[in-house]
Amino acid sequence: MEINAVINGEKVKVTCHPNKRLIDFLREDMGIISVKEGCGEGECGACTVLLDGKAVTSCTILTGQIDGCEIMTVEGLDKIGELEPITESFVRNGAVQCGYCTPGMVISTKALLNANPNPTEEEIKIAIEGNLCRCTGYNKIENAIKDLKVKES
Amino acid sequence: MKTEFQYIGKRVERQDTADKVRGKTKYVGDMTRADMLYGKLLTSDKAHAKVTIDKTKAMMIKGVVAVFTNEDVPQTPYNSNQWFPGAATAEDEYVLHKIAKHVGDRIALVVGETPEAAEKGLNELVVFYDELPVVIGFEEAKKNETVIFGTSNLAFEKSLACGEISEGFDRADIIIEDSGSTPKVHHSAIENHSCLAEIDPFGNLVVWSPCQVVFQVQHIVAKALGIPYDKTRVIKTTIGGSFGGKGIPILEPVCAFAAIKLNRPVQIVMERKDSVAGTRSRNATIQKIRTGITKEGRIVAREIVSEFDGGAYLTNAAAVAMAFGKKAFRLYKIKDQKYTGRTYFTNTVPGGACRGYGSPQLHAVSEININNAAKAVGMDPVQFRILNAVDPQEFILGAKDDIGMPGIGNARIKDCLIQGSEAFDWENKKITVSSKNTNRFAYGIGVAAGVHGNGYHGGFPDYTNVDIQVMPDNRIMVKMGIHDLGCGTVLTMQQIAAEALSINPKSINVPQADTFTSPYDSAGTQASRVTFVNGGALKEAADLLKEKMITSYAKLFNCSVDAISMIDGTIGHEEGKKISYGELAILSEAKLETTLKIYLEYKSKGNPAVYAVSFAEVKVDKYTGLVEVIDLLAVQDAGQVINMTLAEGQVEGGAHMSVGMALSEEIKYDKQGNLKTENFSKYHLINAPSMPKVRTLFIQDGEPLGPYGAKSIGELAAVTPGPAVMNAINDALGTNISDYPATPERIIEALSRMRS
């Protein structure tokens with residue numbers, strides 16, 4: 001089917017099988033490699049993207065579902081200059097080790113801060129509850145998000 | 001006396017993490033090659049079966065290039081755990097298997113022009129399983145009615161001892177007996193196993209692998225495929241977590257085979273269910289422990305018997321049992337002690353290295369037993385541990401421990417206990433914790449100690465080579481076989497070299513392991529050896545380089561070496577000219593015909609112990625059996641922290657793994673050997689809301705043999721938080737749960753048993 005969508009700020013018109021998983025469409029057809037696969041069933045959050053501003057796991061969404069929608073990944077946030085403060089905070093706080101879960105974690109962070117610029121500790125934890133990280137124990141990721149909150153408030 | 005360091009201990013920022021946030025870092029699954037093919041593994045649905053595969057229909061699928069089964073691959077057995085060619089071991093694995101020995105065993109590879117074609121081909125394979133009797137669990141294994149390999153399912157057995165336990169137990173006033181178990185644990189690196197193999201323009205095989213030991217991958221691939229070692233190039237890629245799970249080659253031999261056979265690049269990326277079922281796991285254990293104590297609370301004798309579920313292949317059957325056992329002799333002063341370890345084959349995922357290598361299992365049960373011993377004589381569990389803990393060993397090169405292994409070094413376990421209990425407010429919490437109890441919620445506190453090592457010295461070859469050079473542009477090039485597993489190993493090395501040479505760590509490049517460009521390293525990034533051994537080697541090489549730089553400067557400027565100083569990338573004589581290290585390198589080449597470069601083969605000088613103690617407070621819901629960890633303090637005897645941010649990251653992440661083992665993580669099989677926990681919906685990792693804040697405390701008293709006093713951190717970090725949580729649960733409920741994990745079901749069962 002023909003898909004009309006806005007991906008990372010650019011209008012895209014492509015023909016794609018509607019049953020193709022969104023993660024595969026983004027990686028294979030769009031070359032967006034920040035979207036990582038970890039479980040393929042929506043449990044680990046490594047493939048999280050913004051779908052019309054909300055964080056969703058792209059392995060459980062079919063490409064047909066994004067017709068007429070807006071998709072944002074870290075590449076897109078970078079392009080519009082919204083990634084740099086997050087990058088700076090994640091790096092400074094030591095929130096990144098192997099880095100494989102990181103882009104998904106950043107997308108969940110962005111979804112949270114868009115909706116709630118001043119989240120509590122509890123709200124931060126809940127925002128990333130769907131993003132598994134085996135390296136950090138989440139502590140430093142939560143610190144990185146907290147630092148962003150202070151800056152934005 | 002504390003030395004003031006310029007870079008050691010500082011929170012220097014990593015240089016690789018910004019690109020990881022931006023999603024620019026390429027993992028193997030993100031790499032592409034012109035003409036690249038995609039491989040999909042067929043893994044066994046059955047736990048034990050002779051497999052026959054009809055490829056005909058699969059080969060007719062458009063885009064399927066090849067299907068390989070056992071019949072197509074070399075019939076050379078290997079043991080994937082063998083990390084250096086001289087390690088004696090039996091060999092029972094093949095590139096692809098004809099007899100599947102566990103669900104998830106690799107039995108065929110479909111190679112396609114696209115991932116979809118390979119997937120379609122996989123679905124068209126006609127697989128016939130001629131099922132064999134299945135061995136699941138220790139009881140079945142011991143019956144030996146079905147033998148998985150060799151003549152018995154007993155894959156390994158050995159005892160270690162000091163003194164004579166019968167005499168020790170005779171002196172005991174009380175003997176405390178406990179039994180317990182620990183589950184198979186999935187490493188849960190979020191990046192699944194992956195590999196890319198290709199042939200370079202000179203006909204060399206190039207294997208791109210997120211691995212821990214490039215020279216092991218080279219050895220296994222060359223041996224299994226019968227190709228020259230020198231034409232087998234293994235390059236360590238960015239890794240999306242390992243924790244031991246990617247330490248043993250799984251995909252590399254079959255991926256390399258396909259690339260050679262088809263003379264095209266081949267990429268294989270596993271799915272989660274295959275990563276759980278078809279790679280490696282932490283070995284499950286069942287344990288029995290008897291500890292003899294005097295009424296004053298001194299441990300006089302201990303006997304530990306631990307059995308290990310080795311899974312379907314030999315892999316680490318010996319190594320895990322020995323690594324577990326040796327540590328039992330390095331935490332408490334016990335004159336008469338005996339350990340027996342036995343590893344059994346079962347038709348389950350094979351065992352392999354997993355963060356802590358035996359230590360998490362040992363301390364899981366023995367630290368519950370220690371608590372029960374303290375309770376038996378009415379002693380506080382912290383005080384009981386302080387009374388019995390080992391003391392620092394006087395520094396003598398070549399010192400030994402109670403069983404003849406390398407000495408324990410500057411063992412600061414007592415400092416961990418004393419300073420940790422103060423920081424946790426143990427004495428106060430002990431009095432007040434139960435006052436929070438309600439009908440529904442019970443509160444408790446727990447402590448647990450643990451010990452780990454620093455490499456292989458004393459057991460296996462533990463040496464490395466360093467090539468360090470000053471470049472003309474005032475930068476430093478360090479070539480050594482290191483693998484950053486995400487922990488920040490590269491930065492650790494940069495900071496060590498920076499300290500030795502007095503130059504900004506960012507001016508030092510430490511590329512990761514590549515068998516064509518890195519000098520040989522005997523054991524890779526495993527066994528908690530990198531900071532201590534590779535870091536020790538780098539410091540020594542950098543010190544030698546510094547000497548050479550000073551000598552060269554003295555010759556060039558005709559001055560004495562005494563008053564030459566090196567600061568911030570500049571070398572100069574107090575009365576003479578100051579030049580950059582780069583300018584010195586140019587002058588040395590031009591006028592002295594020498595490169596400012598050192599090549600050093602460095603043998604590890606020891607294997608000191610490292611210690612940790614965790615303190616935990618939990619809130620247990622007696623209605624649901626759910627546990628909340630409300631406070632966790634992890635104390636580590638770190639010698640000297642190289643980078644505080646990295647060290648904290650290790651301890652916090654280690655706590656995640658250890659608390660997971662205590663509360664929710666468990667690979668489960670049914671009696672037919674079907675995997676019940678094939679993905680994260682069934683295998684429960686702790687997520688952010690359930691993860692406590694981890695308070696960290698580092699005891700930094702310096703290890704004489706370590707670079708700048710440093711010793712290992714990362715593996716030990718995954719040892720004590722779990723047992724501390726378990727002891728806290730038992731404190732809260734008055735139970736003696738010693739089977740991990742303490743799931744809600746187990747807690748409810750223990751409570752109802754107590755009531756009846």
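State the number of residues belonging to the range B:295-325 that are outside any strand (DSSP E or B) and surrounded by fewer than 24 Cβ atoms within 10 Å (Cβ to Cβ).
The number of residues fulfilling the criteria is 8.
Look through the range B:560-591, keep the residues that are at pLDDT below 95 and over 19 Å from residue B:472 (Cβ atoms), and return whichever of them is most open to solvent (accessible area, probe 1.4 Å).
The qualifying residue most open to solvent (accessible area, probe 1.4 Å) is B:575.
If the requirement is being on the phi > 0 side of the Ramachandran plot and without any contact (Cβ under 8 Å) to a residue 40 or more places away in the chain, which of these qualifies: A:53, A:9, A:68, A:40?
Answer to the check: A:40.
May I ask you to say which residue of B:700, B:636 is among the polar types (S, T, N, Q) and more than 22 Å from the chain's Cα centre (by Cα)?
Details: B:636 fails: more than 22 Å from the chain's Cα centre (by Cα).
Every option except B:700 fails the conditions.
Just name the residue that is surrounded by the fewest Cβ atoms within 10 Å (Cβ to Cβ) out of those in the range B:15-25 that are facing chain A (nearest Cβ under 7 Å) and in a loop (DSSP other than H, G, I, E, B).
Across the range B:15-25, the extreme among qualifying residues is B:22.
Tell me, which residue of the range B:173-190 that is open to solvent by less than 20 Å² (accessible area, probe 1.4 Å) and outside any strand (DSSP E or B) is farthest from residue B:212 (Cα to Cα)?
Restricting to residues being open to solvent by less than 20 Å² (accessible area, probe 1.4 Å) and outside any strand (DSSP E or B), the top hit is B:183.
Within the range B:216-224, is there a residue that is away from chain A (no Cβ under 14 Å), in contact (Cβ under 8 Å) with a residue 24 or more places away in the chain, in contact with a helix residue (DSSP H, G or I) (Cβ under 8 Å, 6 or more places away or on another chain) and of a type in the set (Gly, Ala, Ser)?
Yes, the range B:216-224 contains a residue that is away from chain A (no Cβ under 14 Å), in contact (Cβ under 8 Å) with a residue 24 or more places away in the chain, in contact with a helix residue (DSSP H, G or I) (Cβ under 8 Å, 6 or more places away or on another chain) and of a type in the set (Gly, Ala, Ser).
Of these, B:648, B:652, B:617, B:666, which one is more than 30 Å from residue B:541 (Cβ to Cβ) and within 14 Å of chain A (Cβ to nearest Cβ)?
Answer to the selection: B:652.
Among the residues of the range B:610-623, is any open to solvent by less than 10 Å² (accessible area, probe 1.4 Å), modelled with pLDDT of 95 or more and part of a loop (DSSP other than H, G, I, E, B)?
Checked the range B:610-623: no residue is open to solvent by less than 10 Å² (accessible area, probe 1.4 Å), modelled with pLDDT of 95 or more and part of a loop (DSSP other than H, G, I, E, B).
Within the range A:17-31, take every residue that is in contact (Cβ under 8 Å) with a residue 40 or more places away in the chain and open to solvent by 10 Å² or more (accessible area, probe 1.4 Å) and give me the one that is farthest from the other protein chains (Cβ to nearest Cβ).
Filtering the range A:17-31 for residues that are in contact (Cβ under 8 Å) with a residue 40 or more places away in the chain and open to solvent by 10 Å² or more (accessible area, probe 1.4 Å), the one farthest from the other protein chains (Cβ to nearest Cβ) comes out as A:18.
Does residue B:29 satisfy the condition of being buried (at least 18 other Cβ atoms within 10 Å of the Cβ), within 14 Å of another protein chain (Cβ to nearest Cβ), farther than 22 Å from residue B:126 by Cα and out of contact with any Pro (no Cβ under 8 Å at 6 or more places or on another chain)?
Yes; evaluated as a whole, the condition is true for this residue.
If you take just the helices (runs of 4 or more DSSP H) that sit entirely in the range A:34-140, which of them hold at least 2 residues that are of a type in the set (Val, Ile, Thr) and either buried (at least 21 other Cβ atoms within 10 Å of the Cβ) or at the interface with chain B (Cβ under 8 Å from one of its Cβ atoms) (or both)?
A:84-92, A:102-115, A:121-127
Filter the range B:46-63 for residues that are open to solvent by 20 Å² or more (accessible area, probe 1.4 Å) and in contact with a strand residue (DSSP E or B) (Cβ under 7 Å, 6 or more places away or on another chain) and give the result.
Of the residues in the range B:46-63, the ones open to solvent by 20 Å² or more (accessible area, probe 1.4 Å) are B:46, B:50, B:52-57, B:59-63.
Those that are open to solvent by 20 Å² or more (accessible area, probe 1.4 Å) and in contact with a strand residue (DSSP E or B) (Cβ under 7 Å, 6 or more places away or on another chain): B:46, B:50, B:52, B:53, B:54, B:55, B:57, B:59, B:63.
Could you please tell me which pairs satisfy a Cβ distance under 8 Å, a separation of 6+ or placement on different chains, a first residue in the range B:673-696 that is within 9 Å of chain A (Cβ to nearest Cβ) and under 16 Å from residue A:131 (Cβ atoms), and a second residue that is open to solvent by less than 10 Å² (accessible area, probe 1.4 Å) and aromatic (Phe, Trp, Tyr)?
Sorted first by the residue in the range B:673-696, then by its partner, the pairs are B:687/A:138; B:688/A:138; B:691/A:138.
The values are calculated or read from the model by the stated rules, or taken from the named source; none is laboratory data. Here the structure is a predicted model, which means the values were calculated and not measured. Neighbour counts run over all protein chains shown; Cβ positions are idealised from the backbone, glycine included. All accessible areas refer to the heavy atoms of the entire protein, side chains included, with ligands and DNA or RNA removed. Shrake-Rupley method; radii C 1.70, N 1.55, O 1.52, S 1.80 Å.
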